[in-house]
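The values are calculated or read from the model by the stated rules, or taken from the named source; none is laboratory data. These numbers come from a predicted model, not from an experiment. Cβ: placed from backbone, ideal geometry, glycine included. Neighbour counts: every protein chain shown. Calculation scope for accessible area: heavy atoms of the full protein, side chains included, ligands and nucleic acids excluded. Shrake-Rupley method; radii C 1.70, N 1.55, O 1.52, S 1.80 Å.
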Amino acid sequence: MHQSSPSGASVEEAQAFLCDHADVDAIDVVLVDSNGIGRGKIIRRHELLSLYENGRHFPTSILGLDVAGEDVDATGLIWDVGDADRLAWPIPGTLAPLTWTVPARAQVLVSLFELDGSPMAADPRHAMCRQIDRLVAGGLRPAAAFELEFFLFASERGPDGRPQPARAALDGRASIGTQTYGLEELDGMQPLFADIYAAAKAQQLPLETLISEYAPGQYELTLHYRTELGRAADDLVMLKRLVRAVARRHGMTACFMAKPCSGDSGSGMHLHLSLSDGSGKNVFAEQSAGEVNAPLRNAIGGLLSAMAESMVVFAPHANSWRRLTSRSYAPVAPTWGFNNRSVAIRVPAAPVTARRLEHRVAGVDANPYLVAATVLAGLHHGLAARLDPGPAVDGNGYEEANYGGARLPPDWRSAIACAKDSAFLRDALGNTLHRAFIAIKESELLRVTSTVTELDYRLYLELI
């Protein structure tokens, strides 16, 4: 007997896909963990319908892994539950071909559910959906799009052991340094990006603008606005996987570290967000240009008030914190402003009817589902409490006088401690996911701080 899918996926979607893609031999079944890493199984073609009809058993421990893929027992998701199976169910609209694979494969994203069909509380996507549902219950629907910044490196490291910018896919030319908005750099990578755009089209990802960013080998891809925020987050998950795989087949490494190169700009994952009411009207739209209406001010106020205790979501790894430096196009304080890229929350220049906010805090190494959940929870808090964000920054947001002494945690360890004690973040993620995520971060912190690095030897081996 077939079960009814609690994710809303239909067997008809799978049947239509198999009919349209007779060449597909296998399907990657992808569950995104707390670190934003896709983990799962590759099933054969004949197993796909069963996935849609009955779900697929996955071990609970898959959501209790650290970034290295090792168990973190303190999550409560390993031996406390006997590493019991839950059921993975497909996320509607994510079944898509992997055009770069031979023999041909496809992929589908899944979420984890309890055996009775209720959401498995440690799954990051469910935390996002819970926050979406809370807004929808209040008559508000979030629409959004993510931006993806990343580096393209050569597969082989340089003589110093560090990553080096990939040579042009077109003719093998070496990178000549930072060429922000450089069109020659984009032309040189045209064969690679042509394959990326073709693969995105096959997956129905609304991929748009390509930019050469503020460091050698750094690029940005934008995605079209989605009226469903959940689908926007799925887009980002699928696009990262696509870019990494296509780059690999061109002999390059797509890097999603927040700060891979000392002295160069880091990579962000900016979230553009607006809210519509029951009639479809943008509730952030002001009556005239240059004004900020109350809902937008309150939303920004909520985001700023919760930013410090949310930083471990936006900057989840040790490397993440190397991105957050002055004059780096990454924020260093809980600030906001109009048309200003030196602040944390930017209100972009746009027609008043299309007013939105841009959350500029998260690095590209963050989990988009957790980012979305936390941002929506902050936004909801601001609206419910009618919080005022204070004055907008006019000018250089990196000048301390412009952010009034408001502070973010100074480092990763402090951010983890702040998040651990945060009632706001516990509510945003839910008790089970909050416990698991903090345990994973504490385990990663211990791994990093107990490792003797090359820098230790350089500084101390022969000098002290």
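Go through THR94, THR75 for me and flag whichever is out of contact with any strand residue (DSSP E or B) (no Cβ under 7 Å at 6 or more places or on another chain) and in contact (Cβ under 8 Å) with a residue 40 or more places away in the chain.
Residue meeting the stated conditions: THR75.
Name the single residue, out of those in the range 58-100 being among the hydroxyl-bearing types (Ser, Thr, Tyr) and in contact with a helix residue (DSSP H, G or I) (Cβ under 8 Å, 6 or more places away or on another chain), that is surrounded by the most Cβ atoms within 10 Å (Cβ to Cβ).
The qualifying residue surrounded by the most Cβ atoms within 10 Å (Cβ to Cβ) is THR75.
Just to be sure I understand, how many residues within the range 261-291 are assigned to a loop (DSSP other than H, G, I, E, B) and either exposed (fewer than 14 other Cβ atoms within 10 Å of the Cβ) or touching a helix residue (DSSP H, G or I) at 6+ places or on another chain (Cβ under 8 Å) (or both)?
Looking only at that region, the number is 18.
For a quick check of your reading of the model, give me the residue pairs whose first member lies in the range 349-375 and is closer than 18 Å to GLY230 by Cα and open to solvent by 10 Å² or more (accessible area, probe 1.4 Å), whose second is outside any helix (DSSP H, G or I) and not basic (Lys, Arg), with beta-carbon atoms closer than 7 Å and at least 6 apart or on different chains.
Short answer, once both residue conditions are applied: ARG356/HIS272; ARG356/LEU273; ARG356/SER274; ARG356/PHE284; ARG356/PRO348; ARG356/ALA350.
Residues that are free of Cβ contacts under 8 Å to residues at least 40 places away in the same chain and crowded, with 18+ Cβ neighbours inside 10 Å: does the range 101-124 have at least one?
no
Look through the range 1-51, keep the residues that are of a type in the set (Ser, Thr, Tyr) and surrounded by fewer than 17 Cβ atoms within 10 Å (Cβ to Cβ), and return whichever of them is farthest from GLN203 (Cα to Cα).
Per the criteria, the residue is SER4.
Against the definition (under 28 Å from the mean Cα position of the chain (by Cα) and in a helix (DSSP H, G or I)), how does GLU185 come out, yes or no?
For GLU185, the condition - under 28 Å from the mean Cα position of the chain (by Cα) and in a helix (DSSP H, G or I) - is met.
Matching residues to (1) open to solvent by less than 40 Å² (accessible area, probe 1.4 Å); (2) under 30 Å from LEU152 (Cα atoms); (3) among the basic types (Lys, Arg):
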{"position": "PRO316", "(1), (2), (3)": "yes, yes, no"}
{"position": "ARG322", "(1), (2), (3)": "no, yes, yes"}
{"position": "ALA377", "(1), (2), (3)": "yes, no, no"}
{"position": "PRO391", "(1), (2), (3)": "no, no, no"}
{"position": "ALA417", "(1), (2), (3)": "no, no, no"}
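Looking at (1) closer than 19 Å to ILE416 by Cα; (2) free of Cβ contacts under 8 Å to residues at least 12 places away in the same chain, which is the only condition VAL313 fails?
Evaluating VAL313 over (1) closer than 19 Å to ILE416 by Cα; (2) free of Cβ contacts under 8 Å to residues at least 12 places away in the same chain leaves (2) as the failure.
Condition check: without any contact (Cβ under 8 Å) to a residue 40 or more places away in the chain and either open to solvent by 60 Å² or more (accessible area, probe 1.4 Å) or out of contact with any Pro (no Cβ under 9 Å at 6 or more places or on another chain) (or both). Does GLY177 satisfy that?
No, not satisfied.
Could you identify the single residue in LEU186, LEU207 that is closer than 26 Å to ALA143 by Cα and either among the β-branched types (Val, Ile, Thr) or touching a residue at least 12 places away in the same chain (Cβ under 8 Å) (or both)?
Exactly one of LEU186, LEU207 is closer than 26 Å to ALA143 by Cα and either among the β-branched types (Val, Ile, Thr) or touching a residue at least 12 places away in the same chain (Cβ under 8 Å) (or both), namely LEU207.
Go through the range 238-259 and give me each residue that's charged (D, E, K, R) and either closer than 25 Å to LEU324 by Cα or touching a strand residue (DSSP E or B) at 6+ places or on another chain (Cβ under 7 Å) (or both).
Correct list: LYS240, ARG241, ARG244, LYS259.
Which residues, counting only those in the range 323-351, are among the basic types (Lys, Arg) and within 17 Å of ARG297 (Cβ to Cβ)?
Result: ARG346, single match.
Which is in contact with a Phe, Trp or Tyr (Cβ under 6 Å, 6 or more places away or on another chain) and closer than 26 Å to ARG355 by Cβ, of LEU221, LEU296?
Going through LEU221, LEU296 in turn, the sole match is LEU296.
Taking the conditions exactly as written (out of contact with any Pro (no Cβ under 9 Å at 6 or more places or on another chain) and modelled with pLDDT of 95 or more), does PRO331 satisfy them or not?
No; evaluated as a whole, the condition is false for this residue.
Scan GLU309, GLU291 and give me the residue that is of a type in the set (Asp, Glu) and at pLDDT 95 or above.
After applying the criteria, what remains is GLU309.
Which numbered condition in (1) open to solvent by less than 20 Å² (accessible area, probe 1.4 Å); (2) of a type in the set (D, E, K, R); (3) touching a helix residue (DSSP H, G or I) at 6+ places or on another chain (Cβ under 6 Å) is the only one that GLU309 fails?
The single condition GLU309 does not satisfy is (1).
If we keep just the residues of the range 433-458 that are open to solvent by less than 20 Å² (accessible area, probe 1.4 Å) and touching a helix residue (DSSP H, G or I) at 6+ places or on another chain (Cβ under 7 Å), which is nearest to ARG125 (Cα to Cα)?
LEU433
Of the numbered conditions (1) assigned to a helix (DSSP H, G or I); (2) touching a residue at least 24 places away in the same chain (Cβ under 8 Å), GLY139 fails exactly one; give the number of that condition.
Among (1) assigned to a helix (DSSP H, G or I); (2) touching a residue at least 24 places away in the same chain (Cβ under 8 Å), the lone unmet condition for GLY139 is (1).
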